[in-house]
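Asks: Here it is, the structure in full.
The values are calculated or read from the model by the stated rules, or taken from the named source; none is laboratory data. Remember, it's a predicted structure, so these values are computed and weren't measured experimentally. Backbone-built Cβ (ideal geometry, glycine too); neighbour counts: all protein chains shown.
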Amino acid sequence: MTEHAGSASHADRGGSFRSILVATDLSDGSDLLIHAAAEVAGRSGAALHVVHSADVLTAAAPGTGRTFEERVAWGEGAVDRQIGRVVPAGVRVDRHVGASAPDRTIMEQADAVAADLIVLGPHVRGASGRFLGSTAEQVLGGAGVPCLVVRAPVQVPAHHVTAAVDPRHLVSAVLDAAVRWALLFGESRRPRLSALYITGDRSGGPPPALTDALRDAVSRGGAGDRVDAAVEVRGTDVVESILLFAEAEASDLLV
């Protein structure tokens, strides 16, 4: 899983999530997204909102209806069946089917339900080689709250959370989010929390302030000795170094 830290919110400051929105395209793979969102909602006591776009400007799939009303009604029934199949009892859940483009539907509904977390898939179509598709990129670029991009099943309990940090950008928000996720999924054992700094060369070390920032984030989150937190340094290519570290060190969540 990958989390994108948006602007500061209640959840960023260490509070529990209250309203979680998850986007589904009704594919088999989207069951994974709803399961992950339901897991977070169940652990944090949040309301879960499932949203689907029956985009009326695109060609309708066979059997989904021809008119606007038919497509929305088909979508509502399909989402209800998916919720019944995936969401466990005890999670508060509702659904919304919009008629706009997927990114617009997601953003509008996130505002409507005051979501403090958006869960979505990478939305990559075909063998493009891209990490994210256009819908995911547009939502991550425009969302004012954290977004959780789910690419694999949620690992519970989480053994290792990695926060890739750039000292010039949103350090506190990223580290606060990482601490929150480590506590949310770490359960009784001490999960490992790595603040990953990419030097850009082979000789540089982390800025001294980064160690202080990690210590402060652990303190703000009330984590104390409940997480095993440390700064890790890698180089030189940023994207490659992050992905290699996450794989080699068995990270369950990348922030």
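Asks: Return the only residue of Leu175, Leu193, Leu210 being under 28 Å from Glu39 (Cα atoms) and assigned to a helix (DSSP H, G or I).
Replies: Just a single option satisfies the conditions, and that option is Leu175.
Asks: Let me ask you something else. In the range 218-241, is there at least one residue being of a type outside the set (D, E, K, R) and closer than 29 Å to Ser30 by Cβ?
Replies: Yes, because at least one residue in the range 218-241 is of a type outside the set (D, E, K, R) and closer than 29 Å to Ser30 by Cβ.
Asks: Which of the following residues is surrounded by fewer than 23 Cβ atoms within 10 Å (Cβ to Cβ) and of a type in the set (A, V, I, L, M): Val145, Val179, Val171, Val139?
Replies: None of the other options fit; the residue is Val171.
Residue-wise test of (1) modelled with pLDDT of 85 or more; (2) over 24 Å from Asp252 (Cα atoms); (3) of a type in the set (A, V, I, L, M).
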| residue | (1), (2), (3) |
| --- | --- |
| Asp103 | yes, yes, no |
| Ile106 | yes, yes, yes |
| Ala112 | yes, yes, yes |
| Gly126 | no, yes, no |
| Gly142 | yes, yes, no |
| Val145 | yes, no, yes |
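Asks: Quick check: is even one residue across the range 148-167 over 19 Å from the mean Cα position of the chain (by Cα), more than 30 Å from Asp111 (Cβ to Cβ) and outside any strand (DSSP E or B)?
Replies: yes
Asks: Now a separate question. Tell me, which residue of the range 193-218 that is of a type outside the set (A, V, I, L, M, F, W, C) and buried (at least 21 other Cβ atoms within 10 Å of the Cβ) is modelled with the highest pLDDT?
Replies: Ser194
Asks: Select from the range 134-147 the residues that are in a helix (DSSP H, G or I) and among the small types (Gly, Ala, Ser) and write down the one among them that is nearest to the chain's Cα centre (by Cα).
Replies: For the range 134-147, the residue satisfying everything is Ala136.
Asks: Let me confirm something: among Glu247, Glu240, which residue is in a helix (DSSP H, G or I), out of contact with any strand residue (DSSP E or B) (no Cβ under 6 Å at 6 or more places or on another chain) and surrounded by 11 or more Cβ atoms within 10 Å (Cβ to Cβ)?
Replies: Result: Glu240 is the single residue among Glu247, Glu240 that is in a helix (DSSP H, G or I), out of contact with any strand residue (DSSP E or B) (no Cβ under 6 Å at 6 or more places or on another chain) and surrounded by 11 or more Cβ atoms within 10 Å (Cβ to Cβ).
Asks: Let me ask something else about it. Please identify the pairs in which a residue from the range 96-117 that is within 12 Å of His49 (Cα to Cα) and touching a residue at least 24 places away in the same chain (Cβ under 8 Å) has its Cβ atom under 7 Å from the Cβ atom of a residue that is part of a loop (DSSP other than H, G, I, E, B) and of a type in the set (S, T, N, Q), counting only partners at least 6 apart or on another chain.
Replies: Asp116/Ser9
Asks: Another question, if that's okay. Select from the range 220-248 the residues that are under 14 Å from Ala182 (Cβ atoms) and more than 20 Å from the chain's Cα centre (by Cα) and list them in ascending order.
Replies: Within the range 220-248, Arg220, Gly222, Ala223, Gly224, Asp225, Arg226, Val227, Asp228, Ala229, Ala230 meet the criteria.
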